[in-house]
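Below: the structure, in structure tokens.
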Amino acid sequence: MIKNIRTQEYKVLIYRILLAYVFYSLARLIFTIYNFKLLKIDSVFEYLKLAYHGLTFDTTSILYVNGLFILLSVLPFWINTKKTYQRFLFYVYFALNFIAYATNFIDFIYYKYIYSRTTIAVMDIVQHESNKGNMFFRFIVSYWHVYVLFFILAFLWIKLYKLVRVEERKVEHNVKYFLTSKIGLLLILILSIGGIRGDFKKSTRPLNLVDANRYATKPQHADVVLNTPFALIRTFGKTSFKKMSYEVAPGVLETKIQPIKHYTNNPATKPNIVLIITESLGREYWGCMNKNSGIPDYKGYTPFLDELAKESLIFTNAYANGSKSIHGMSSVLAGIPSFRDAFTSSPYPKQKIQSLVSCLKETGYDTSFFHGAPNGSMGFLGFGNILGFDHYYGKTEFNNDAEHDGVWGIWDEPFMQFMKQELDKKQKPFFSTIFTVSSHEPYIVPKKYEGKFPKGTSKMHQCVGYTDYAFKRFFEEAKKQPWFKNTIFVITADHANLTAYPEYEKVINRQAVPILIYKPDGSLKGERNELAQQIDIYPTILDMIGYNKPFRSWGRSLIGDQNIQPFAVNFNSNLYQFQSGNYICTFDGKKVVGYYDIKDKALEHNLISKTNKEMLETGESCKAFIKDYFDRIIDQNLFYKK
């Protein structure tokens, strides 16, 4: 053996780094198995192809995570081969790798709720929760199998690491030792830089999340290519809120989107408004929203809401403008969607924002927000203060922990009764929003109602039945009050949840939500199937109450804007998705990467090679919307300027 050359150490280092590749690949396979129905991988060959491209993203993660370990392994310390130093390297290696590796396991479960790899934005949600310890314990109980898998793989990783050791040897302190060490260090540094960036081309930016879509024929396949440590690393300390540098065709924004609205409706009275944002109560669960869906053996779980729909105007082709609860709040109340990152978690929410709250307060409405969780949960209290609500009612104001569900907040039935009692005291007109909590993981109902609601085929169905019953009880009591007859009720959901039917597993339909507008006088009825979205609720309400001043809104009035073609926009699998007319456009922030028939909700047949005039117009509308969105937010122009 040549004592002055560190061949043995380099071989062992390579082995240890290759082990990380093996376990990242195993995590990708398990992630795919857990989410197979959503990922829609057609063959083993297709999976292997995605996994192969995933190695590029694994390289970036592994080199970031192991940077310190690699450096400590190759620096010429003379004691590198000693057992004590190798034991020290062992702890460094696994401390860093296990923390990063564990994040992959989050998405085994969480992916089915957000339909993307977890990014640093999830920390913005968690930081607002006061019961983090309780949540962590509950997840251990509910998803014990994920923890078991992690510890099994961790044990195996440690065993394999110990199979190959660095043999202790005496090092001669001479020029040759230091020279070969420096050359080795330089080569490793160069290779690491290339691995982290994705290649060595000067013109290529460092590898990012959107680059995974280059290897995906279906948008969701990008999430197989990616790994969660990569998604966290690449979004740490960064924001997607940047101005778009591309140009859009003249006139597209003004004709297709019309971000400044002005209505002239003049109702005889100022109606009260009750806006209900229902936690996770996606369109799939509502029988009234699926009468014409064509889903074989379909069954709904909202008997009361289905009856209410017969006396309401319902929109059966509506979509959320985000995938998280806080996304739903800004979309519905302020008409501000969220894409890669939540608007409320960006550097820009603390500015003047024209919204339902500001416009209705301006016309004399008392404004209030109800949420049965601990005050401040989900960031609702903070954003509510930015919007300017007069009153906030949370768990603190409810003041009866006996009605707490033990996880998220006050059960929906008692909290909605609490809201009704507070509304009874309000000066008229009032605008009140409630964000419910019970139709959510861990999918439980109050003990006194166990067995009352159908359990269906999904854990979510029993919860839906309970929340539907809470609606029934609320309306039964509200009807007895004098304010009821002069009130407009709007019901929607923040996002969808667990799916039971393949139709709602499709990429676009994962964001499908209901929109229902009910007027007790029966003057607003019917079923509409044109595209609608959460950001349409804001202008619709202002149109209905007779707000007669110009205001900023990317949405359209669902009852009055006949000159704006219906559209829906959201973000999934690192792509903007824009539905309009006969087509769906997918856009990566720089260029359009796909056109699909409007009926192709699974995004399986890309028509980009057969573009026509309407496709190109849809693409221009998408680009105009996204550009104006970021420009207005960054320029603090979220209100009408004369």
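The values are calculated or read from the model by the stated rules, or taken from the named source; none is laboratory data. All of these numbers come straight from a predicted model, not from anything done at the bench. We place every Cβ from the backbone using ideal geometry, glycine too, and count neighbours over all the protein chains shown. Accessible surface is based on the protein model in full, side chains and every heavy atom, while ligands, DNA and RNA are left aside. Shrake-Rupley method; radii C 1.70, N 1.55, O 1.52, S 1.80 Å.
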query: Do any residues in the range 439-465 that are within 16 Å of PRO414 (Cβ to Cβ) have Cβ atoms under 9 Å from those of residues that are among the basic types (Lys, Arg), where the two are at least six apart or on different chains, and which pairs are they?
result: VAL445/LYS452
message: Restricting to the range 475-498, name every residue that is surrounded by fewer than 22 Cβ atoms within 10 Å (Cβ to Cβ) and at pLDDT below 95.
response: LEU498
task: Six or more apart or on different chains, Cβ under 6 Å: which pairs go from a residue in the range 229-248 that's at pLDDT below 90 to one that's part of a helix (DSSP H, G or I) and aromatic (Phe, Trp, Tyr)? Could you list them?
output: ILE233/TYR64
task: Kindly state which helices (runs of 4 or more DSSP H) lie completely within the range 263-374 and contain at least 1 residues that are over 25 Å from MET460 (Cα atoms).
output: 325-334, 356-362
task: Find the residue count for the range 366-423, including only residues that are out of contact with any Asp or Glu (no Cβ under 7 Å at 6 or more places or on another chain) and among the hydroxyl-bearing types (Ser, Thr, Tyr).
output: 2
- prompt: Among the residues of the range 576-604 satisfying the criterion of being within 21 Å of ALA249 (Cβ to Cβ) and of a type in the set (A, V, I, L, M), which is most open to solvent (accessible area, probe 1.4 Å)?
  reply: VAL593
field: THR433, sole failed condition from (1) touching a Leu at 6+ places or on another chain (Cβ under 9 Å); (2) part of a helix (DSSP H, G or I)
entry: (2)
message: Consider the range 614-628. How many of its residues are within 16 Å of GLY251 (Cα to Cα) and either crowded, with 21+ Cβ neighbours inside 10 Å or of a type outside the set (Asp, Glu) (or both)?
response: 10
statement: Of (1) among the β-branched types (Val, Ile, Thr); (2) surrounded by fewer than 23 Cβ atoms within 10 Å (Cβ to Cβ); (3) touching a Gly at 6+ places or on another chain (Cβ under 9 Å), VAL464 satisfies every one except (2)
message: Looking only at helices (runs of 4 or more DSSP H) that lie completely in the range 11-117, which have at least 1 residues being charged (D, E, K, R) and open to solvent by 40 Å² or more (accessible area, probe 1.4 Å)?
response: 36-39, 44-65, 83-114
- line: Among HIS371, HIS391, the single one that is at pLDDT 95 or above and more than 20 Å from ASP468 (Cα to Cα) is HIS391
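Here's the yes/no breakdown for (1) modelled with pLDDT under 95; (2) of a type in the set (Gly, Ala, Ser); (3) not in a loop (DSSP other than H, G, I, E, B):
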{"site": "GLU441", "(1), (2), (3)": "yes, no, no"}
{"site": "VAL445", "(1), (2), (3)": "no, no, no"}
{"site": "LYS448", "(1), (2), (3)": "no, no, yes"}
{"site": "PHE453", "(1), (2), (3)": "no, no, no"}
{"site": "TYR469", "(1), (2), (3)": "no, no, yes"}
{"site": "ARG473", "(1), (2), (3)": "no, no, yes"}
